[in-house]
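Working notes for the structure below.
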Amino acid sequence: MGYTVSHRKDRGTWVVRCTVNGQRTQRTFRTEGEARQYALKAEAQRQEDEFNGVMGRKPKYTFSEGLQRMVSEYDVRSQKQHILLVARWIDEHAPGVIIGQELLDAARRMQKALKEKGLAQSTINNRIQVVKRVLSLSYREWDWLDLPLDGKLRKPSPKNERHVYLTEGELAELLEAVPERYRIERKVILLAMLTGMRRGELMGLEPGNVYNGRIVLRPNQTKSGKPRIIPLTEEALPLVDGLPFDTTGDRVRGAFEKARERIGRPDIRFHDLRHCYASLLASKGEALTSIRDLLGHSSLTVTSRYAHADPARWESVVAKLPRISNQSATTH
């Protein structure tokens with residue numbers, strides 16, 4: 001029992017190892033100073049826990065174990081790519097990291113590393129969301145933590161976030177450009193245009209998700225972990241016959257990329273269809289609160305980006321203000 005510090009010459013890193021109650025853990029650091037400082041703090045905490053008789057009361061679980069449980073119990077297809085990349089980073093830089101303060105520290109280091117690498121803030125936020133969800137589930141569902149820690153991980157709002165908005169005519173042109181051999185994929189793309197759903201949500205649809213002319217998403221099918229209801233238009237209703245879609249996310253991506261190349265718009269991304277859905281609703285005068293609920297946003301702050309869609313509407317709003325000054329009065 002106790003913490004040991006060793007140097008990995010092949011990788012130029014320092015490793016802190018410990019075995020407690022038969023469970024072996026290790027963490028990797030860039031410098032010897034960081035490694036020894038961590039080992040001293042961890043050993044002091046271990047001795048204090050042992051003295052207070054708290055060791056062994058609640059089992060400790062690694063991030064890897066939490067990630068595996070999340071993947072097995074929840075529909076995480078919309079986060080698949082980010083989950084794989086986060087798992088790879090943790091395995092390389094913080095192998096065996098324990099869910100708790102250790103994981104928070106590792107996630108913050110990952111944030112810093114990804115930012116230094118030049119990744120967009122929205123991409124970094126998607127990676128951090130994976131860690132936040134494991135922390136949230138560890139406290140709220142699995143009883144692995146005594147306190148909620150997911151709120152301690154911040155996701156800064158992206159500055160100058162990229163958004164592309166297509167008109168109704170441009171959306172129709174894009175849909176028409178989907179090659180004939182991608183018939184099922186064309187249905188998925190059209191449904192994305194008509195519902196604002198994420199690609200992962202679309203690919204996870206089942207017959208049980210359609211009820212009384214609406215798509216009803218369960219908590220384990222959404223990014224936020226909250227249920228969502230999306231009404232279907234007459235154009236959208238036939239698209240949900242015969243669910244699930246007999247295709248893959250890769251084929252949908254391929255069909256979409258072929259279509260955007262045909263119309264000369266390589267800048268368009270599949271996720272932009274979600275923005276277009278919201279923007280079109282805003283341009284028709286729909287309230288931002290309704291758009292928020294349809295998209296499943298956590299707050300109006302996220303949805304407010306679509307307020308630009310109909311500037312003429314704001315003019316009609318301010319036109320309702322009363323006249324205050326007496327225009328007929330003589331001024332001196």
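Per-structure values
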| read-out | value |
| --- | --- |
| Residues D150, D91 arranged by fewest to most Cβ contacts within 10 Å | D91, D150 |
| Three-way shape call for the stretch 54-138 based on the alpha-carbon gyration tensor, with the a/c threshold at 1.5 | oblate |
| Cross-link pairs beyond the 26 Å C-alpha cut-off, checked among K80/K226; K41/K80; K41/K117 | K41/K80; K41/K117 |
| Cα shape, the stretch 3-152, gyration tensor, a/c 1.5 rule | oblate |
| Global geometry of the stretch 168-311, whether rounded, prolate or oblate, following the gyration tensor of its Cα atoms and the 1.5 cut on a/c | oblate |
| Relative exposure of I215, I98, judged by other C-beta atoms within 10 Å (fewest first) | I98, I215 |
| For T28, T289, T123, order by how many other beta-carbon atoms lie within 10 Å, fewest first | T289, T123, T28 |
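Just so you know, all these numbers are worked out from the coordinates, no wet-lab data involved. Remember, predicted model here, so these are calculated numbers, not experimental data. Glycine also receives a Cβ, built like all others from the backbone with ideal geometry; neighbour counts cover every protein chain displayed.
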